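Just below is one structure, and these are the notes that go with it.
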Amino acid sequence: MSTAVIWFRRDLRLHDNEAVATATKNHSDCLFIFTIDPWFYSQPETGWLRVEFLFEALTALHDLLAAQGSRLVLLKGSSVEAVTNLLRIMKANNLNPELYFSHDVQVAYGRDRDNAVKSFCTANAITVHECYSFFLLHKEAEMDSWRKRYYTFQQAPKFEVPSDINSSQETLKIIGTMPTIDPHDIASTMSLTIPKPRQQMFRGGEDSGRLALYNFLKSRVDGYHWKISRPFLAQNGATSLLGPHITFGTLSTRTIYQSATKHMRKVESVNPKLGFSIAAYLDRIRWRDSFTQRLWFHPELMWQNRFPEFDVVYNQEPLQPLQQEYFERWKSGTTGFPLLDASMRQLQQDGFINFRMRAMAATFLTINCGISWHYGAQHFMNCLVDGDIAINHWQWQMQAGITNPLNPAFRMYDPTKNFRDRDTGAHYVHFWLPETRGKNVETILQSASPMLNFAETRKINGKRVADIRKVVRARVLQKHSIEGDKAVTALRVTTNYKKYSHDRYKKIFNKADVKQPTALDDR
């Protein structure tokens, strides 16, 4: 007899969880653990609203397991020490542990942690089962087949919730000898004070995630392809609200994919516009998962510029006094650009802003303020409930003008133009900037006091970035350049996707003007 130890990380669910399904099928005695590792809570990128969501998800997972006669054991301490110590004690008590966990895309600490635990298991003849919580290729040379294999994975049958979960009293008794944390009082047990007020947009836990998915597909997905770029509509439910659930794995993207695809197939013939909205969301899910894959192959992109030529302008050197002033005003939402200020205030309070506002905030900080993306990326991670390094940091590099150098153009978002186009009734700005209430867009703009000249800074700093892109482009296009081949592929993929999206939009909406809102509009 052996005992399964299921080590949760960012797969905090029972539905469609390979590790849970396989372990409970193969073992009659199962122990479910999660480590509360002090390292995580001491990181400069820790966001307390995200921590709050995590704690809610852990409590909810414990309750789901308790309903089946088990529990979630929260081990306190260094992950390597906590897990290996548990396995050592179990082995000494003849419980013959086998370890199950899901692959995750990690920073260096996480990879070192996993390697250390696996090395311990190898040295102590403990079987390790590495499972998949989402699609992941392990060889970059196979990336040409990524899309096809991704859809094969997403369309495969989901792992069902085990009908029977058993944790023996003998196994649970072992836990009594170790430092653990009460799943219903994690913050107090850890002596953590969450400094942010509770946000209202998201609730952690698998049931909360499944309810959010149901409500999204039932009604809120209608018009998703254009509503998501309108911040007031997004704030009031025009987005999926599933980001944090994907980040912490309270929902699998396969569950989302299959539920959304099923609904799309049912409605697209009678309501092609609704079908288009669902397809736009599915595109975004694939796009998100492709970013996760990129970080798996290139963890250095967490802080390293994709192309070293940009090191001269984007680095972690201390900010100059004027830059520091710009940065503080950008963070606090006091730049004098109304839409940008509203966005930054929502980010602080809700831990969320819609994608277009994220992109606008990023281009403003990097291009107009001349501040490295590293500073903005860390601030976003401090705030976002759905903060995910794989997406956040790469998006910051994209908005800073670093990526896709073969494209001669790169986007710079104008906060004034976006205010006029995306918040035409000023509802969003009125909500977050009370002093503007009762005024229309033009009156608000006339009374605003911008901290910098947008057109001038765009011209000067934009040219600096454009010139570096030319240097990168010349280098990567050299004969026999691996980077050149990758850049050509990236340009081809994005160009083809734009054409496909525009053609699909024109066909369904009978529009000749491809500048109408499309699924690509936010990118």
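Net length available on complete extension from residue 163 to residue 76 is 28.4 nm, with 0.36 nm assigned per residue and the Cα-Cα distance removed. Phi angles of segment 207-212 translate, via the Karplus equation with coefficients 6.51, -1.76, 1.60 and θ = phi - 60°, into HN-Hα couplings of 5, 5, x, 5, 5, 4 Hz per residue; Gly and Pro are given as x. Go ahead and collect, in residue order, the members of segment 311-331 whose backbone nitrogen is under 17 Å from a label point 7 Å along the Cα-Cβ direction of residue 464. 311-328, by backbone N distance to the label point. Ordering 56, 160 from the fewest to the most neighbouring beta carbons within 10 Å gives 160, 56.
Here the simple spin-label model places points 7 Å from the Cα toward Cβ, and for residue 325 and residue 304 these points are separated by 3.7 nm.
Helix 272-297 and the long axis of the chain differ in direction by around 70°, with both axes built from C-alpha atoms.
Quick one, which of [x] 1.53; [y] 1.01; [z] 0.98 is the actual Rg/Rh (Cα atoms, Kirkwood Rh) calculated for this model? Evaluating Rg/Rh (Cα atoms, Kirkwood Rh) on these atoms matches [z].
Under 8 Å for C-alpha pairs, at least 6 residues apart: give me the relative contact order for the chain, rounded to a whole percent. Let's see the in-between values first.
Numbers: 780 pairs, mean separation 87.9, N = 523.
Relative contact order, the chain: 17 percent.
Taking 0.36 nm per residue of separation and subtracting the Cα-Cα distance, full extension of the segment from residue 108 to residue 41 would add 22.5 nm. Ignoring solvent entirely, what values of log10 I(q)/I(0) come out of the Debye formula for segment 300-476 at 0.08, 0.09, 0.16 Å⁻¹ when each Cα is a single scatterer? The Debye formula, applied to the Cα set alone, gives -0.24, -0.30, -0.94. Once you reduce segment 381-452 and segment 129-151 to the center of their Cα atoms, the two points are 34 Å from each other. With K and R counted +1 and D and E -1, the other residues having a Cβ less than 12 Å from that of residue 420 yield a net charge of -2. In whole Å, how far is the Cα centre of segment 303-364 from that of segment 231-278? So the two Cα centres are separated by 29 Å. Put in order of Cβ neighbour count within 10 Å, fewest first, the listed residues 372, 290, 449 become 449, 290, 372. Of all beta bridges that DSSP places with both ends in the chain, some 10 percent have antiparallel geometry.
In degrees, nearest 10, range 0 to 90: what is the angle between the Cα axis of helix 48-67 and the longest Cα principal axis of the chain? Tilt of helix 48-67: around 40 degrees.
The alpha carbon centroids of segment 202-224 and segment 77-113 are separated by 33 Å. Residue ranges 431-444, 64-77 sort as 64-77, 431-444 when ordered by packing (mean number of other C-beta atoms within 10 Å per residue, highest first).
So between residue 273 and residue 25, what do we pick up on full extension, going 0.36 nm a residue minus the alpha carbon distance? Walk me through the intermediate numbers first.
Details: separation 248, 0.36 × 248 = 89.28 nm, distance 4.29 nm.
Full-extension gain reported as 85.0 nm.
Against the chain, whose longest principal axis comes from its Cα atoms, helix 108-123 is set at around 20 degrees.
Every number here is computed from the coordinates shown, using simple stated rules; none is lab data. Quick caveat, the model's predicted, so the values are computed rather than measured. Counting neighbours? That spans all protein chains shown, and the Cβs are built from the backbone with ideal geometry, glycine included.
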